Amino acid sequence: MKEEKKYDLFRGVILKERGMPRHGYSIYKNNERIGYITSGTISPVLNTGIGLGYIRRPYIKVGTEVYVDIRGRKVKAVISKPRIVK
């Protein structure tokens, strides 16, 4: 039986509060670390923080509410497909 990976799929993250996700920041759901950011910035189109990262499989559904730990402050975000802006 193949061992399940700790972090499974590459997904986008869109912040719902002020902040900027950066490489290495953790992603949480119910106080459990479920992934991490690989890159992030402020989107000039969406005018909010966006990032890309790896998320554990049970939490990859688009629209799932999560939190990104930005320097000790948990910022509300949602999961999106890696192509954040069409």
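The values are calculated or read from the model by the stated rules, or taken from the named source; none is laboratory data. As the structure is a prediction and not an experimental result, all values here were calculated from the model. Every residue, glycine among them, receives a Cβ derived from its backbone with ideal geometry; neighbour counts consider all protein chains shown.
Among the residues of the range 1-15, the one identified as modelled with pLDDT of 60 or more and surrounded by fewer than 15 Cβ atoms within 10 Å (Cβ to Cβ) is 10.
Under 8 Å by Cβ, and 6 or more places apart or on different chains, what pairs join a residue from the range 13-31 that is charged (D, E, K, R) with one that is in a loop (DSSP other than H, G, I, E, B)? Cβ pairs passing all conditions: 29/64.
Restricting attention to the range 39-75, the residues that are in a strand (DSSP E or B), touching a Leu at 6+ places or on another chain (Cβ under 7 Å) and surrounded by fewer than 15 Cβ atoms within 10 Å (Cβ to Cβ) add up to 1.
Results for (1) over 11 Å from the mean Cα position of the chain (by Cα); (2) of a type outside the set (Ser, Thr, Tyr), shown as yes or no for each residue.
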site: 12; (1), (2): no, yes
site: 17; (1), (2): yes, yes
site: 26; (1), (2): no, no
site: 36; (1), (2): no, no
site: 43; (1), (2): yes, no
site: 49; (1), (2): no, yes
site: 52; (1), (2): no, yes
site: 55; (1), (2): no, yes
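Within the option set 63, 19, being out of contact with any Gly (no Cβ under 9 Å at 6 or more places or on another chain) and on the phi > 0 side of the Ramachandran plot holds for one residue only, 63.
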